[in-house]
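One structure is given below, encoded as structure tokens.
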Amino acid sequence: MKTLAFHAIAKSFGPVTVLHGVSFELQAGIAVGLLGENGAGKSTLMKILAGYETPSSGELRLDGEALRFDGPRAAEAAGIAMIHQEFALAEALTVAQNIFLGHELRRGWRLDDAAMHAATTQLLAQVGLACPPDRPVRLLSLAEKQRVEIAKALQRRARVLVMDEPTATLTPAEAEALFALMGRLKAEGVTLIYISHKLEEIERLTDEVVVMRDGRFISRTPTASLTRAQMAQAMVGRELSELYPTKTTRPTAEPLLKVQKLSVPGWVEDLSFEVAPGEILGFAGLVGAGRTELFEGLMGLRASRAERVEIAGKAVRIRNPREAVELGLGYLSEDRKGKGLHLDFSLAANLTLMALRRYAKPWLKPADEAAALARAVEEFGIRVGSSSVRGGSLSGGNQQKLALAKVLHAGPRIVVLDEPTRGVDVGAKRELYLLIQQLAAQGLAVIVVSSELVELIGLCHRIAVLRAGRLQTVLDADGVSEDLLIAHATGTH
């Protein structure tokens, strides 16, 4: 792999410029951490590198020679591949069919399935995946699908591999396996570009850190010379005070929500908990422990049964999400793109969707919706180039803020936030933590489901730990350690 350079790359979408003359170089066989707040232009720059977008001006250069890609296949032919947060796999096809999709091997006019299966077996061994080549991709776990994506990149003989938030949905053990694989790839001369908001991973895995801010190149620095605090400061352009706001005293009021023996078939069995107004209650557990399913069951999003559910001391029955909202329950889904927002809807339509009765008297009033959006943009710090854009055009962090504004716009008394900071940069995380604490200070009962244990410790009053659909323990967050939470989550305590 020769020197790959970005030279004065600029990109505009209509009147909005998202990249402003970005220039830096990449050397072969190193791991580069690409850092920046949501909306800094990281993903757009990488899509240009991988052939998904074309620059408005500037160019990519390989040892001084200009590269021009008319699509991802041209970039792959040059040895460049990108693994997106949302995997580009055909769920109904087999592993082998996915790996060779668009690059099928043939014997004469017929597909050479035997050759593709044999090659797939070798590729899967390279990435450490023990899986038959003819297994349908829909049957694989997220970690296994990620390895199929990497195997696909290796089949294309990728020498530059871009990985966008690769550990966002992985367990700690799965992440460790990925890190080991990355080490092997780097040793073979593959250049890795690692996009992540988890600064501890950037610190551990990369050789250099490139920082972008507001669509501009800010710095390129050896990772060993930076602390995490310095990385965060470079990203946001200002000194970050403590990430978590000062924790308030746990309230002693009567529970606002009380759940007794709630079960979700196949996921959760006889689980009981309670949360008071002004309290932030965390839920920890490994992937598959039933945390998301528990609250989807409570909200009426999936079949469930409970011995008793009380809100403000009154027994209630929740059969569907509409009833949950009317009773004052709000739920922010972990899947903001699939379940949290309508990406093709306008920002105003997304915001007001759960409170349409407020705006349709009897006809919908666009002016009132626009005013509500303007207030939400100000209150939640949503960065928008124009209020007329669609939800899908926002960066990940701003989509998360819009999704949270939508849930709160319905006026809940109890709010469940499932992975509220997944894929969100460190600056936006601080803003969200402050907002969550403000919700509790206003008297809401707040439940936070998170895979980031340090987040639960820093933010919550108490932490409930689930394992295999059962409640293991509820701990006071003050003084608790990540090791203790992991021990309860794995059943080794």
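For the chain, the relative contact order comes to 16 percent (Cα pairs under 8 Å, sequence separation of at least 6). Can you check what the net charge comes to around MET163, using other residues whose Cβ is under 11 Å from the Cβ of MET163 (Lys, Arg +1; Asp, Glu -1)? My count for the surroundings of MET163 gives -4.
The phi torsions of segment 265-277, fed into the Karplus equation with coefficients 6.51, -1.76 and 1.60 and a -60° offset, translate into couplings of x, x, 10, 10, 10, 6, 9, 10, 7, 8, 9, 9, x Hz, rounded to whole numbers, with Gly and Pro shown as x.
Can you list the residues, at least 5 places off or on another chain, whose amide H is less than 5 Å from the amide H of ALA31, using H built in the peptide plane? For ALA31, the qualifying residues are LEU192, ASP207, GLU208. Put simply, the amide H of VAL424, placed in the peptide plane, has no neighbours under 5 Å, leaving out anything fewer than 5 places away on its chain.
Taken as Cα centroids, segment 186-216 and segment 304-342 sit 39 Å apart, rounded to the nearest whole angstrom. Each 10 Å bin from 0 upward holds the following percent of the Cα-Cα pairs of segment 362-493: 10, 36, 30, 16, 7, 1. At q = 0.13 Å⁻¹, what is the log10 ratio I(q)/I(0) for segment 4-236, with the Debye formula run over Cα points and no solvent? Taken in order of the listed q values, log10 I(q)/I(0) reads -0.79.
Of all DSSP bridge pairs formed entirely within the chain, close to 60 percent run antiparallel. A simple count of charges around LYS365, restricted to other residues whose Cβ falls under 14 Å of its Cβ and scoring Lys, Arg +1 and Asp, Glu -1, yields +1. The mean sequence distance of close C-alpha pairs (under 8 Å, at least 6 residues apart), as a share of the length of segment 4-236, puts its relative contact order at 29 percent. Explain nothing, just the number: relative contact order of segment 278-349, from Cα pairs under 8 Å at least 6 residues apart, as a whole percent. Reported relative contact order: 19 percent. For segment 331-468, the number of Lys pairs with C-alpha atoms closer than 25 Å, counting only pairs eight or more positions apart or on separate chains, is 11.
In the chain, helices alone account for a calculated mean residue ellipticity at 222 nm of -9500 deg cm²/dmol, with every DSSP H run of four or more residues adding -39,500 (n - 2.57). D by Stokes-Einstein for segment 184-262, Kirkwood Rh over Cα pairs, 37 °C, 0.692 mPa s: 202 µm²/s. Looking at segment 4-236 alone, DSSP beta bridges between its own residues are antiparallel in about 60 percent of cases.
Every pair of different Cα atoms in segment 89-145 enters the Kirkwood calculation, which places the hydrodynamic radius at 11.6 Å. Normalised by residue count, the chain yields a Cα convex hull volume of 169 Å³ per residue.
Counting Lys and Arg as +1 and Asp and Glu as -1 over every other residue whose Cβ lies under 13 Å from the Cβ of CYS460, the net charge comes to -2. Peptides 156-167, 103-114 ranked from most to least packed give 156-167, 103-114, packing being the mean of other C-beta atoms within 10 angstrom over each peptide's residues. Here segment 317-390 yields Rg over Rh of 0.98, to two decimals, using C-alpha coordinates and the Kirkwood radius. Computed from phi, the 3J(HN,Hα) profile of segment 96-109 under the Karplus parametrisation 6.51, -1.76, 1.60 (θ = phi - 60°) reads 4, 5, 5, 5, 9, 4, x, 9, 4, 8, 10, 10, x, 9 Hz, with x in place of Gly and Pro. Across segment 342-359, coupling constants 3J(HN,Hα) worked out from phi with the 6.51/-1.76/1.60 Karplus curve, θ = phi - 60°, read 9, 5, 8, 7, 5, 4, 5, 5, 5, 4, 9, 4, 8, 9, 5, 4, 6, 10 Hz, and Gly and Pro carry x. Amide H contacts of ARG390: none lie under 5 Å away among residues 5 or more positions distant or on a separate chain (H built 1.01 Å from N in the peptide plane; Pro and chain starts excluded).
Where a number appears in this text, it was derived from the coordinates with a stated rule and is not lab data. All figures in this text were calculated on a predicted structure; none of them were measured in a lab. Reconstructed Cβ throughout: ideal geometry from the backbone, glycine too, with neighbour counts over all protein chains shown.
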